[in-house]
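Student: Got a structure for you, written out below as structure tokens; questions coming shortly.
The values are calculated or read from the model by the stated rules, or taken from the named source; none is laboratory data. Keep in mind that what you see is a predicted model, and the values were worked out from it rather than measured. Cβ atoms come from the backbone with ideal geometry, glycine included; neighbour counts cover every protein chain shown.
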Amino acid sequence: MHHAELTTIQPVELLEVLKSYPFLAPYQLTFCAETEGGMPLYRSLFPVCETIAQSLLCGKACQTAVEDAVQRAMGENRAVVFRCQMGLLNFAVPLRGRDIPFTCLIGGGVREKDVDLAPMESLAQTDSVDAIALLEELENLVAVTEEEVTETARKVHELLPTLLGRNIHTLVFENTMRRLASISGVAGGIDAAKTADEVLGLLSETLGILFDIGRIAMLSPEGNSTFSMKGLWGMEPDLGTMPAARALSIFPRNRKENVVALDDECRTIFPEIAANKGLCIRFASNSDFLGIMVLFDAAITRRDKLLVQLVADRASAKLLRLQEEEKHSADNAQATKLMTMFTALSRAASKEELNERILAMAADLADASCGSLMFIDENGENLKIEAALGMNMQLAQSMVVQVGSGIAGKVAASGHPLLVNDIEKDKRIGIPNRPRFKTKSFVSIPIKLRESVAGVLNLSDKKNQGIFTEDDLNLLITFADHASIMIERALSIERADFLEQLSITDPLTGLYNRRFLKRRMEEELARSIRQNLSLTVMLIDLDNFKIYNDLCGHLAGDRALKKMARILSDTARQMDVVTRYGGEEFCIILPGTSKKESLFVAERIRREIEGEEFSHEENLPQGRLTASIGVSSFPEDGNTEAVLVKAADVALYRAKSEGRNRVVISGPPPAEEEQGTRLKTVTNLP
């Protein structure tokens, strides 16, 4: 914005000053300026008789009357009182100023006390206008006498030279500073707002009051194709919708400014709103587009646009923060929901119950009403439904899909998920929708076990009749990856025979042995590397167990180890792998678990052992049988079985040396922390 534009007196600023005088309160005021040819041209910058182009009281003859009055006022350099075609009283006062872009002030919108019906009847007959409506508009105007209008015009003529001198600049400056102070105060309220509605409500109220704006609306994106339009100030709350293309045309991609004035195009963009112009404020930050606020028929100076931009930018930043907070909160809620689901999956008592839970949870995540979970048979040729939602299970179990044919079969063959918005229009499918499906959108996710496709998860018919989105797809892929761990575990248990079970089981405790631990950890590490998951190893050792054995005997020691195994099995999660590592030492693998998450599990185990009663434990140095725990995690502490176990063993040794009955996570020793190295130790004293 040029300096000259900021220092030049603007029409709206002069009007604000004039309207502060009580004797001008009944009048509608506007200005006219000379064209390049030197002839005065009437411009309805502000409404006279409501709006010249819309009012039933005004017509083409009004334009002629105004132009004639302006020519006389300018030519004779005096105030002129005149009547329009309806007999309404108006005045024209010439303006003489070196830094004003207009030459004549027009005042009007008042009538004489005695209404002359003749002009009204003539206008009604000529322009086919409702005479009753004309009379109602006429009666709503302020009634004055011609002498009062003449006196008002005289006062204005005497007042203008003073206002157009230094006085008006002072008044404008003072007014701007008052508004700036008000906006500064409002900024604190915007920052403290808790919701987007509070921000928009405060902003619209501020703009409406400070700049005398009668109507304010908000355009907000709804999906990819429409914008909702809601009234914020002086308008109905629900104003319907408009095509996204029309709303976005206000701010083309190459337009950098966030405040744009609409003039002739206002009626095209907002045909349902009776407004001649609009000031549009874009709320956006980088690639995030939040919406557009529209101030209808707003008379805003260039100076005031800067103030509007200032408070709008503050509101935009706050709206973006609220959006990010809402997304963060939603992500946290979603993560919590997923963790709850995974815990519920781990408690499934059978493979059938697991399949049903997986399908029901996936449908819940995507808000789907129909779906199926299919698995490939032993021959690897066909898919069979093992769980169904929204269809008869007996019928579903009789359905067989060949791998490579049909939608689910192609997903099973390719190993790639499929998201379809419209089954009939999607070129990858292009088939008529089947009658049993209410919508044409669906999603199919491959279920992979050790990188091999084992089945397909299918979902259809969103409950709101909408389409599945990329967000739905990504969420379901995440869920399927974790669910595959449960499925693989169920299949692994189902396929394990008795001899294999003996070879990998500790005969005393019934837990898996060290041989199984090594193999299982290699499998879980490979999965964690492929799927970018965390994995934690936990070594647990009974404190002073040799003393306990010596005092109580080996039979008591065996009973203590069995009790220890029971505690670990009951406390660990279904997905965790609990093993006897050797002697009084145990090891637990926690797939998909970070070091931070594992601390809660480790501490729970420590407390359970500490609280358990062991016979004759009162003879031990600490008066009870406790355990020390060392923790290490992939990828922080290593990417092989040997390295991770070694790291956990070092952490266990530190737990013993630091007083026993505590949890220590892998990391540098305390001495290094004093030298500035981060210490990764959590202690829990008895």
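Student: Is it true that G553 is in contact with a Leu (Cβ under 7 Å, 6 or more places away or on another chain) and without any contact (Cβ under 8 Å) to a residue 12 or more places away in the chain? Break it down into steps so the answer makes sense when it comes.
Tutor: On the way: in contact with a Leu (Cβ under 7 Å, 6 or more places away or on another chain): no; without any contact (Cβ under 8 Å) to a residue 12 or more places away in the chain: yes.
It is false that G553 is in contact with a Leu (Cβ under 7 Å, 6 or more places away or on another chain) and without any contact (Cβ under 8 Å) to a residue 12 or more places away in the chain.
Student: Determine whether E352 is more than 21 Å from V453 (Cα to Cα) and either surrounded by 16 or more Cβ atoms within 10 Å (Cβ to Cβ) or at pLDDT 80 or above (or both). Even if it seems obvious, please write down each step before you answer.
Tutor: Numbers: more than 21 Å from V453 (Cα to Cα): no; either surrounded by 16 or more Cβ atoms within 10 Å (Cβ to Cβ) or at pLDDT 80 or above (or both): yes.
So E352 does not fit the description; no.
Student: Residues in region 585-596 that are surrounded by fewer than 21 Cβ atoms within 10 Å (Cβ to Cβ) and more than 37 Å from the chain's Cα centre (by Cα): how many?
Tutor: Within region 585-596, residues that are surrounded by fewer than 21 Cβ atoms within 10 Å (Cβ to Cβ) and more than 37 Å from the chain's Cα centre (by Cα) number 1.
Student: Here's a follow-up. Free of Cβ contacts under 8 Å to residues at least 24 places away in the same chain, within 24 Å of E451 (Cα to Cα) and either outside any helix (DSSP H, G or I) or not assigned by TED's automatic domain parsing to the domain that holds V260 (or both): is that true of E378 in this structure? Spell out how you get there, then give the answer.
Tutor: On the way: free of Cβ contacts under 8 Å to residues at least 24 places away in the same chain: yes; within 24 Å of E451 (Cα to Cα): yes; either outside any helix (DSSP H, G or I) or not assigned by TED's automatic domain parsing to the domain that holds V260 (or both): yes.
So E378 passes the test.
Per-residue answers, yes or no, for (1) farther than 27 Å from I529 by Cα; (2) of a type in the set (G, A, S); (3) under 34 Å from the mean Cα position of the chain (by Cα):
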site	(1), (2), (3)
S398	yes, yes, no
S405	yes, yes, no
A413	no, yes, no
L419	no, no, yes
K440	yes, no, yes
R450	no, no, no
F468	yes, no, yes
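Student: Moving on. Does A565 meet the test of being touching a helix residue (DSSP H, G or I) at 6+ places or on another chain (Cβ under 8 Å), in a helix (DSSP H, G or I) and small (G, A, S)?
Tutor: For A565, the condition - touching a helix residue (DSSP H, G or I) at 6+ places or on another chain (Cβ under 8 Å), in a helix (DSSP H, G or I) and small (G, A, S) - is not met.
Student: Moving on to the next point. Quickly run through region 385-414 and pick out the residues that are assigned to a strand (DSSP E or B) and surrounded by 17 or more Cβ atoms within 10 Å (Cβ to Cβ). Working first, answer last.
Tutor: Narrowing region 385-414 to residues assigned to a strand (DSSP E or B): 385-389, 400-402.
Across region 385-414, the qualifying residues are I385, E386, A387, A388, L389, V401.
Student: I need every pair where a residue in region 649-674 that is among the small types (G, A, S) has its Cβ under 6 Å from the Cβ of a residue that is assigned to a loop (DSSP other than H, G, I, E, B) and at pLDDT 90 or above, sequence separation at least 6 or different chains.
Tutor: A651/S666; A655/R662; S666/D637
Student: Which ones in region 262-295 are under 23 Å from G201 (Cα atoms), of a type in the set (A, V, I, L, M) and within 28 Å of the chain's Cα centre (by Cα)?
Tutor: Residues satisfying the conditions are L279, I281, A284, L290, I292, M293, V294, L295.
Condition check ((1) at pLDDT 85 or above; (2) within 19 Å of D472 (Cα to Cα); (3) not assigned by TED's automatic domain parsing to the domain that holds L389) across all residues:
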{"residue": "A335", "(1), (2), (3)": "no, yes, yes"}
{"residue": "M339", "(1), (2), (3)": "no, yes, yes"}
{"residue": "F342", "(1), (2), (3)": "no, yes, yes"}
{"residue": "S346", "(1), (2), (3)": "no, no, yes"}
{"residue": "E356", "(1), (2), (3)": "yes, no, no"}
{"residue": "A360", "(1), (2), (3)": "yes, yes, no"}
{"residue": "L365", "(1), (2), (3)": "yes, yes, no"}
{"residue": "S372", "(1), (2), (3)": "yes, yes, no"}
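Student: Ok, one more. Could you identify the single residue in G231, G201, G208, G223 that is loosely packed, with under 14 Cβ neighbours inside 10 Å and either without any contact (Cβ under 8 Å) to a residue 40 or more places away in the chain or more than 22 Å from K327 (Cα to Cα) (or both)?
Tutor: Details: G231 fails: loosely packed, with under 14 Cβ neighbours inside 10 Å; G201 fails: loosely packed, with under 14 Cβ neighbours inside 10 Å; G208 fails: loosely packed, with under 14 Cβ neighbours inside 10 Å.
Being loosely packed, with under 14 Cβ neighbours inside 10 Å and either without any contact (Cβ under 8 Å) to a residue 40 or more places away in the chain or more than 22 Å from K327 (Cα to Cα) (or both) holds for just one of G231, G201, G208, G223, which is G223.
Student: Kindly evaluate A565 against the criterion of being assigned by TED's automatic domain parsing to the domain that holds L517, surrounded by fewer than 22 Cβ atoms within 10 Å (Cβ to Cβ) and over 42 Å from the mean Cα position of the chain (by Cα). Break it down into steps so the answer makes sense when it comes.
Tutor: On the way: assigned by TED's automatic domain parsing to the domain that holds L517: yes; surrounded by fewer than 22 Cβ atoms within 10 Å (Cβ to Cβ): yes; over 42 Å from the mean Cα position of the chain (by Cα): yes.
For A565, the condition - assigned by TED's automatic domain parsing to the domain that holds L517, surrounded by fewer than 22 Cβ atoms within 10 Å (Cβ to Cβ) and over 42 Å from the mean Cα position of the chain (by Cα) - is met.
Student: May I pose another question? Confirm whether I504 is hydrophobic (A, V, I, L, M, F, W, C), within 49 Å of the chain's Cα centre (by Cα), more than 16 Å from K448 (Cα to Cα) and modelled with pLDDT under 85.
Tutor: On the way: hydrophobic (A, V, I, L, M, F, W, C): yes; within 49 Å of the chain's Cα centre (by Cα): no; more than 16 Å from K448 (Cα to Cα): yes; modelled with pLDDT under 85: yes.
Judged against the criteria, I504 is not a match.
Student: I529: assigned to a helix (DSSP H, G or I), aliphatic (A, V, I, L, M) and over 20 Å from E636 (Cβ atoms), yes or no?
Tutor: Numbers: assigned to a helix (DSSP H, G or I): yes; aliphatic (A, V, I, L, M): yes; over 20 Å from E636 (Cβ atoms): no.
Answer is no for this residue.
Student: Right, next: In this structure, is D304 acidic (D, E), under 21 Å from E16 (Cβ atoms) and crowded, with 20+ Cβ neighbours inside 10 Å? Walk me through it before giving the result.
Tutor: Details: acidic (D, E): yes; under 21 Å from E16 (Cβ atoms): yes; crowded, with 20+ Cβ neighbours inside 10 Å: yes.
When the stated conditions are applied, D304 passes them.
Student: Would you mention how many residues in region 577-631 are assigned to a loop (DSSP other than H, G, I, E, B) and closer than 21 Å to V537 by Cβ? Before you say what the answer is, go through the steps one by one.
Tutor: Let us first name the residues in region 577-631 that are assigned to a loop (DSSP other than H, G, I, E, B), namely 583-584, 592-594, 612-616, 620-626.
This time we only want the ones that are closer than 21 Å to V537 by Cβ, so: 583-584, 592-594, 626.
Selection size over region 577-631: 6.
Student: Right, another one. Residue by residue through region 363-372, note down the ones that are touching a residue at least 40 places away in the same chain (Cβ under 8 Å) and in a helix (DSSP H, G or I).
Tutor: A363, L365, A366, listed by residue number.
Student: I've got another one for you. Which numbered condition trips up G553, out of (1) loosely packed, with under 14 Cβ neighbours inside 10 Å; (2) at pLDDT 90 or above?
Tutor: (2)
Student: Among A335, A330, A360, A348, which is the only one that is without any contact (Cβ under 8 Å) to a residue 40 or more places away in the chain and over 26 Å from the mean Cα position of the chain (by Cα)? Let's see the steps before the verdict.
Tutor: Working: A335 fails: over 26 Å from the mean Cα position of the chain (by Cα); A330 fails: over 26 Å from the mean Cα position of the chain (by Cα); A348 fails: without any contact (Cβ under 8 Å) to a residue 40 or more places away in the chain.
None of the other options fit; the residue is A360.
Student: Using the structure shown, decide if D481 is of a type in the set (D, E) and under 30 Å from K656 (Cα atoms).
Tutor: On the way: of a type in the set (D, E): yes; under 30 Å from K656 (Cα atoms): no.
Against the criterion (of a type in the set (D, E) and under 30 Å from K656 (Cα atoms)), D481 does not qualify.
Student: So, one more: Are there any helices (runs of 4 or more DSSP H) wholly within region 191-294 with 2 or more residues that are closer than 20 Å to K305 by Cα, and if so which? Spell out how you get there, then give the answer.
Tutor: Numbers: elements: 196-210, 244-248, 266-269.
Correct list: 196-210.
Student: Looking at region 230-237, is at least one residue modelled with pLDDT of 80 or more, under 30 Å from I487 (Cα atoms) and more than 23 Å from the chain's Cα centre (by Cα)? Give the steps one after another, and end with the answer.
Tutor: Quick first cut of region 230-237, residues modelled with pLDDT of 80 or more only: 230-237.
Then drop every residue that is not under 30 Å from I487 (Cα atoms), which leaves none.
No, the conditions are met nowhere in region 230-237.
Conditions (1) farther than 21 Å from L354 by Cβ; (2) crowded, with 16+ Cβ neighbours inside 10 Å; (3) in contact (Cβ under 8 Å) with a residue 40 or more places away in the chain, marked per residue:
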site	(1), (2), (3)
S444	no, yes, no
I477	no, no, yes
I493	no, no, no
L508	yes, no, yes
L517	yes, yes, yes
L535	yes, yes, yes
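Student: Consider region 50-98. How many of its residues are at pLDDT 80 or above and out of contact with any strand residue (DSSP E or B) (no Cβ under 8 Å at 6 or more places or on another chain)?
Tutor: Of the residues in region 50-98, 2 are at pLDDT 80 or above and out of contact with any strand residue (DSSP E or B) (no Cβ under 8 Å at 6 or more places or on another chain).
Student: Continuing with the same structure: Confirm whether N532 is at pLDDT 90 or above and among the polar types (S, T, N, Q).
Tutor: Working: at pLDDT 90 or above: yes; among the polar types (S, T, N, Q): yes.
Considered against the rule, which asks whether it is at pLDDT 90 or above and among the polar types (S, T, N, Q), N532 comes out as yes.
Student: Separate question: Would it be correct to say that S184 is at pLDDT below 60, farther than 24 Å from Y27 by Cα and of a type in the set (S, T, N, Q)? Even if it seems obvious, please write down each step before you answer.
Tutor: Values: at pLDDT below 60: no; farther than 24 Å from Y27 by Cα: yes; of a type in the set (S, T, N, Q): yes.
For S184, the condition - at pLDDT below 60, farther than 24 Å from Y27 by Cα and of a type in the set (S, T, N, Q) - is not met.
Student: Could you please tell me which pairs satisfy a Cβ distance under 9 Å, a separation of 6+ or placement on different chains, a first residue in region 142-166 that is in contact (Cβ under 8 Å) with a residue 24 or more places away in the chain and under 17 Å from N90 (Cβ atoms), and a second residue that is among the hydroxyl-bearing types (S, T, Y) and part of a helix (DSSP H, G or I)?
Tutor: V144/T152
Student: I'd like the residue in region 636-686 that is among the polar types (S, T, N, Q) and modelled with pLDDT of 70 or more and, out of all such residues, is surrounded by the most Cβ atoms within 10 Å (Cβ to Cβ). Walk me through how you get there before you give the answer.
Tutor: Just the residues of region 636-686 that are among the polar types (S, T, N, Q), to begin with: 639-640, 657, 661, 666, 675, 677, 681, 683-684.
Then keep just the ones that are modelled with pLDDT of 70 or more; that gives 639-640, 657, 661, 666.
On the way: N639: 13, T640: 12, S657: 11, N661: 23, S666: 25.
Filtering region 636-686 for residues that are among the polar types (S, T, N, Q) and modelled with pLDDT of 70 or more, the one surrounded by the most Cβ atoms within 10 Å (Cβ to Cβ) comes out as S666.
Student: Quick check on I376: is it closer than 28 Å to G466 by Cβ, buried (at least 17 other Cβ atoms within 10 Å of the Cβ) and of a type outside the set (D, E)? Quick ask: steps written out before the conclusion?
Tutor: Numbers: closer than 28 Å to G466 by Cβ: no; buried (at least 17 other Cβ atoms within 10 Å of the Cβ): yes; of a type outside the set (D, E): yes.
Against the criterion (closer than 28 Å to G466 by Cβ, buried (at least 17 other Cβ atoms within 10 Å of the Cβ) and of a type outside the set (D, E)), I376 does not qualify.
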